[in-house]
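The values are calculated or read from the model by the stated rules, or taken from the named source; none is laboratory data. What you see is a predicted model, and the numbers here were worked out from it, not measured in a lab. Note: ideal-geometry Cβ built from the backbone for every residue, glycine included; neighbour counts use all protein chains shown. Just the protein is used for accessible areas: all its heavy atoms, side chains included, with ligands, DNA and RNA removed. Shrake-Rupley method; radii C 1.70, N 1.55, O 1.52, S 1.80 Å.
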Amino acid sequence: MFISVIIEPGGLDSGKMMVDILSRYGFQKIQRSCWESLKLNETELSALKKDLDRVTDYYDKIRIYQFPLNGLFVITEMKQKKWRKCCFNGTSRPKN
């Protein structure tokens, strides 16, 4: 499964902790705040989300792009310490 993680830390400490976690899970830095992996499975991804949730605060933002996950393109976002998930299939179009 392809996974891309975009981080927008609210502070230096949480940013360093998020980078350490992503590195530990085998993610490679692609751009300044973009990390990618082709090696994680769903169980490891769930553990990654829990680990990231432990080191973040209200001001941190994370967006995770996953494909394929049960044949869907999935975007998961953590903003203000709340996780939201949006799933798309080949025929889905986002509504304005």
The lysines whose Cα lies under 18 Å from the Cα of Lys49, excluding any fewer than 8 residues away in the same chain, are Lys16, Lys29, Lys39, Lys61, Lys79, Lys81, Lys82, Lys85
With all protein chains present, the stretch 2-88 has a carbon and sulfur share of its accessible area (1.4 Å probe) in percent of 52
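Counting only heavy atoms of the protein chains, get the accessible area per residue of the chain (1.4 Å probe) and round it to a whole Å² value.
68
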With Cα coordinates, the longest principal axis of the chain makes an angle with the long axis of helix 12-24, in degrees rounded to 10, of 60
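Which whole-number percentage describes the relative contact order of the stretch 2-88, with Cα contacts under 8 Å and a sequence gap of 6 or more? Intermediate values should be presented prior to the final figure.
Working: 147 pairs, mean separation 28.2, N = 87.
Relative contact order comes out at 32 percent.
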In terms of the alpha carbon gyration tensor, root eigenvalues a ≥ b ≥ c, rounded if a/c is under 1.5 and otherwise prolate when a/b exceeds b/c or oblate, the stretch 1-54 is oblate
Simple spin-label estimate for Asn41/Ile75, 7 Å along Cα→Cβ, in nm, reads 2.9
Toy charge model, Lys and Arg Cβ at +1, Asp and Glu Cβ at -1: the chain dipole around Cα centroid in debye, rounded to 20, equals 320
Along principal axes, largest first, the alpha-carbon spread of the chain in whole Å comes out as 41, 30, 24
